[in-house]
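Working notes, structure below.
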Amino acid sequence: MIKPSFLLICIFILPAVSVVAQDGFLKFKQIQGHALEARVTRYDLDNQIVTLTNREGQEIQVDVADLSAVDKRLVVKAVERQLFQKSKARAKDIPEAGNPEAGNPVANHPGVGNPAGAVAPRLDNRRQPLVWSSSLKQATAKAIGTDALGDDRPIVWFRVLGDLRGLM
Amino acid sequence: MRTVSFSQPQVQAVLSRDFVCFTTSTEGDPSAGESIRHRPSDNAGTCLRGNGQQNVQTLFLTPDGRIFHAVSGYIAPDDLLEELRFAQELFAVLQVTPQADQEEKLKTAHRDRLTQLEFTPEQIDAVGPNIGLGMDLSAFVPSLNPGNPLIPQNPRTAPGNRPVAPPLDPMSIFARGQILNDHKFCMKHPLMPAPKFDRDPTALIGTGKSFFMSSSGGNSGR
């Protein structure tokens, strides 16, 4: 479900995560026999391989299974926090419902960490007709790799008596 | 929901940007409720959170079509935005959770959410009929449900007839019962495949028949 490329992008574009060190470097207890300060720069969920980058910019690939419980927790928390930050950054873009006068931060929000410096699609308070998929197959095809960062999106399924576009 | 919630620009913006929207009609499904039909242009009636759970279900799916969050019945714009935020956060967690651990992670997340919404462990773990399923109004009456921890057993008066508790609000009990029921469904059936739910949604919506109409009286014609 998750694409390592997405994680990599997230890690580079989001503010540094400070689990231990203020500059985003994590203090691992034991990586290949040594203590190490490094950032999590890639996480391959399918193969359970984490790539760490130390202060000198050297990359070290580690099998997650080889990590101690403490270090494993550090990795999981780091990735989780980065994804949460992404989620919260998006949530901040959402103007309060029922307060259309509050303006729309999204409209002026630069593309979140887009490495190419591109700007995210602008959203404003004008009505935007929703695009509905009419089958689960169609929705799942559209859900993979289609958000602003090329990542997966969740599907929201409105199962209703009637037709949302007509009589119901 | 169409007239009120989906017409909110903020709701539209979030749905368009962060979700893939998918809709199906339950017309002809024996589990569906009943409704006097109305047009998109009809005035909206006043609805309560969770009302019409057999008529409307909002289900959040992983990209491979497994349900990780569910909301049954009507949901107003503010509440829908809140549920969208919760679903986004939950989806982010699932993305970094190995598949073998996702069900447990999901159960924990829904339990934490209920706790955050001030449901008690007794209410979360209670077994038995939930409020709202089948619109069973007897479920609102504490005297008929003396042992049901889902029903507040607030005394109206303390010894000496001193008033101590506000009057029971059946509507808020109903709405909270629906919220509780939705999260408990997700805890009991984590990551249920969407086609399986479509074949038999009664685990979420029960077997009753909810009824919906607009304040304009709707339109019985087709």
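Take B:Arg176 and decide whether it is in contact with a Gly (Cβ under 9 Å, 6 or more places away or on another chain), at pLDDT 80 or above and assigned to a helix (DSSP H, G or I).
Judged against the criteria, B:Arg176 is a match.
Could you tell me whether B:Glu118 is more than 13 Å from the chain's Cα centre (by Cα), more than 10 Å from chain A (Cβ to nearest Cβ) and not in a helix (DSSP H, G or I)?
yes
To keep it simple, each residue is scored yes or no on (1) open to solvent by less than 70 Å² (accessible area, probe 1.4 Å); (2) on the phi > 0 side of the Ramachandran plot; (3) at pLDDT 85 or above.
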position: A:Leu14; (1), (2), (3): yes, no, no
position: A:Ser18; (1), (2), (3): yes, no, no
position: A:Ala21; (1), (2), (3): yes, no, no
position: A:Ala38; (1), (2), (3): yes, no, yes
position: A:Thr41; (1), (2), (3): yes, no, no
position: A:Gln48; (1), (2), (3): yes, yes, no
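Of all residues being part of a helix (DSSP H, G or I) and within 7 Å of chain A (Cβ to nearest Cβ) in the stretch B:89-103, which is farthest from A:Ile49 (Cα to Cα)? Just the residue, please.
B:Glu89
Out of A:Glu80, A:Glu96, A:Glu101, A:Glu56, report the one residue that is of a type in the set (D, E, K, R) and at pLDDT 80 or above.
Among A:Glu80, A:Glu96, A:Glu101, A:Glu56, only A:Glu56 is of a type in the set (D, E, K, R) and at pLDDT 80 or above.
The values are calculated or read from the model by the stated rules, or taken from the named source; none is laboratory data. From a predicted model like this one, the values you see are computed outputs, not experimental measurements. Every residue, glycine as well, gets a Cβ built from its backbone with ideal geometry; the counts of neighbours run over all protein chains shown. Remember, those area values only see protein heavy atoms, side chains included, never the ligands or the DNA or RNA. Shrake-Rupley method; radii C 1.70, N 1.55, O 1.52, S 1.80 Å.
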